[in-house]
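Presented below is the structure to which this report refers.
The values are calculated or read from the model by the stated rules, or taken from the named source; none is laboratory data. Just so we're clear, the structure is a prediction, and the values are computed from it rather than from any experiment. Positions of Cβ are generated from backbone atoms using ideal geometry, with glycine treated the same way; all protein chains shown enter the neighbour counts.
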Amino acid sequence: MRTPPAEPAERGRLAIDPVVLRKIVEHAADGVPGTLRDERRLAGIDVGEHGASARVTVGTGEPAPIDVRLELTLRYPAAVRTVVDAVRTAVAEELARLAGHRMRTLAVTVTGMRAATAPVTGRLR
Amino acid sequence: MLRVLAPLLGLVLAAACILLVIEVVAAWVLPGSEGGLLVPWSQWGAALADVSWNEKLVRAIAIAAGVVGLLMVSVALAARRADLRLEAPSADMTVTTSPRVLARLVGTRVRASDDVLSASVTASARRVAVTARAWDDAPEELRESIISRVRELLDELPLRRRPRVAVSVQERGGIR
């Protein structure tokens with residue numbers, strides 16, 4: 001005689017790796033108008049570009065709260081508070097929508113502010 | 001201070017490690033050779049073997065090492081992050097930036113003036129100091145104009161603590 005299957009919600013457990021959460025955070029932050037991507041240079045050579053950089057700490061509880069540390073370059077002139085608030089909203093929404101996690105705290109470090117069109121350094125094309 | 005001290009100590013340590021590796025490899029490759037390849041460690045060992053722990057020189061070196069160690073510990077304990085706090089949109093957030101970012105913004109704003117030839121800026125949470133170089137036919141009120149530009153910029157930024165502004169203008173002779 002077969003035992004009846006467990007309730008759908010109890011048939012397994014979903015664990016999302018913090019690396020995935022970090023990528024969700026970075027992608028959400030990069031999509032906010034007012035954040036900028038920077039050139040990545042190694043010994044003066046252009047090796048692509050990078051956007052926001054995040055570190056994610058997963059707390060305990062169900063659903064586990066997330067503490068996020070985020071490094072951003074912002075467009076300037078622009079309202080810094082408005083952009084940072086938009087980043088907070090976007091990150092919290094994406095974490096909830098894609099991973100079902102609640103963002104508990106967000107620490108933003110603005111690592112650069114520059115005009116959108118100005119290159120990071122002098123560069124010949 | 002730590003910016004200078006940390007790389008210096010790192011370089012000294014790296015040099016010592018490289019010397020150690022060279023000496024170890026030299027001892028393996030040339031087992032019969034007396035003394036070191038670059039460092040005369042066998043002579044040092046012989047000299048140190050004759051030194052007693054009770055000698056004044058040893059005590060003086062020990063005290064000096066202790067004092068230097070204490071100084072380094074106190075410098076490390078006094079070190080703190082130089083980040084500038086910005087007003088956060090909500091209580092669950094902290095927003096910071098670095099003095100370097102502020103200095104770059106100020107520098108860009110100051111250099112945008114036609115009368116400024118070049119400018120160097122140092123920034124901290126307490127103070128923004130600008131040294132501008134201008135042609136000798138620059139207007140008298142250039143310093144006030146730069147101060148006003150920097151204050152405008154500081155007004156635009158949501159800094160939790162507004163730094164003081166200090167500007168000095170150096171004139172450069174010659175044809176513009």
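Would you check if residue B:100 is within 14 Å of chain A (Cβ to nearest Cβ), of a type outside the set (A, V, I, L, M), outside any loop (DSSP other than H, G, I, E, B) and crowded, with 18+ Cβ neighbours inside 10 Å?
Details: within 14 Å of chain A (Cβ to nearest Cβ): yes; of a type outside the set (A, V, I, L, M): yes; outside any loop (DSSP other than H, G, I, E, B): yes; crowded, with 18+ Cβ neighbours inside 10 Å: no.
So residue B:100 does not fit the description; no.
For the range B:131-146, name all the residues that are surrounded by fewer than 16 Cβ atoms within 10 Å (Cβ to Cβ) and modelled with pLDDT of 90 or more. Don't jump to the end; show me each part of the working.
Going through the range B:131-146, the residues surrounded by fewer than 16 Cβ atoms within 10 Å (Cβ to Cβ) turn out to be B:131, B:133, B:136-137, B:139-141, B:144.
Within the range B:131-146, B:131, B:133, B:144 meet the criteria.
Do we have residue A:79 as at pLDDT below 90 and either in contact with a helix residue (DSSP H, G or I) (Cβ under 7 Å, 6 or more places away or on another chain) or within 13 Å of chain B (Cβ to nearest Cβ) (or both) here?
Working: at pLDDT below 90: yes; either in contact with a helix residue (DSSP H, G or I) (Cβ under 7 Å, 6 or more places away or on another chain) or within 13 Å of chain B (Cβ to nearest Cβ) (or both): yes.
Answer is yes for this residue.
Residue B:64 - would you say it is surrounded by 10 or more Cβ atoms within 10 Å (Cβ to Cβ) and within 14 Å of another protein chain (Cβ to nearest Cβ)? Break it down into steps so the answer makes sense when it comes.
Details: surrounded by 10 or more Cβ atoms within 10 Å (Cβ to Cβ): yes; within 14 Å of another protein chain (Cβ to nearest Cβ): no.
When the stated conditions are applied, residue B:64 does not pass them.
Give B:124, B:120 a once-over and let me know the one that is under 22 Å from the mean Cα position of the chain (by Cα) and within 30 Å of residue A:68 (Cα to Cα). I'd like the intermediate steps shown before the answer.
Details: B:120 fails: within 30 Å of residue A:68 (Cα to Cα).
That would be B:124, the only listed residue that is under 22 Å from the mean Cα position of the chain (by Cα) and within 30 Å of residue A:68 (Cα to Cα).
If residue A:85 satisfies all but one of (1) of a type in the set (Asp, Glu); (2) surrounded by 16 or more Cβ atoms within 10 Å (Cβ to Cβ); (3) in contact (Cβ under 8 Å) with a residue 60 or more places away in the chain, what's the number of the condition it fails?
Every condition holds for residue A:85 apart from (3).
Can you report the number of residues in the range A:87-116 which are facing another protein chain (nearest Cβ under 10 Å) and over 12 Å from the mean Cα position of the chain (by Cα)?
Just the residues of the range A:87-116 that are facing another protein chain (nearest Cβ under 10 Å), to begin with: A:87-89, A:92, A:103-115.
Subsequent filtering for residues that are over 12 Å from the mean Cα position of the chain (by Cα) retains A:104-105, A:109-115.
The total comes to 9.
Of the residues in the range A:19-44, how many are buried (at least 16 other Cβ atoms within 10 Å of the Cβ) and in a helix (DSSP H, G or I)?
Of the residues in the range A:19-44, 9 are buried (at least 16 other Cβ atoms within 10 Å of the Cβ) and in a helix (DSSP H, G or I).
Specify the residue that is nearest to the other protein chains (Cβ to nearest Cβ); the eligible residues are those in the range B:67-84 that are surrounded by 10 or more Cβ atoms within 10 Å (Cβ to Cβ) and assigned to a loop (DSSP other than H, G, I, E, B).
The initial filter retains those residues of the range B:67-84 that are surrounded by 10 or more Cβ atoms within 10 Å (Cβ to Cβ), namely B:67-76, B:79, B:82-84.
Applying the additional criterion that residues be assigned to a loop (DSSP other than H, G, I, E, B) yields B:79, B:82-83.
Working: B:79: 18, B:82: 12, B:83: 7 Å.
Among those residues, the one meeting the criterion is B:83.
Specify which of the listed residues (B:106, B:128) is within 30 Å of residue B:167 (Cβ to Cβ), surrounded by 15 or more Cβ atoms within 10 Å (Cβ to Cβ), within 14 Å of chain A (Cβ to nearest Cβ) and at pLDDT 90 or above. Outline the logic, then answer.
On the way: B:128 fails: within 14 Å of chain A (Cβ to nearest Cβ).
Checking each option against the conditions leaves just B:106.
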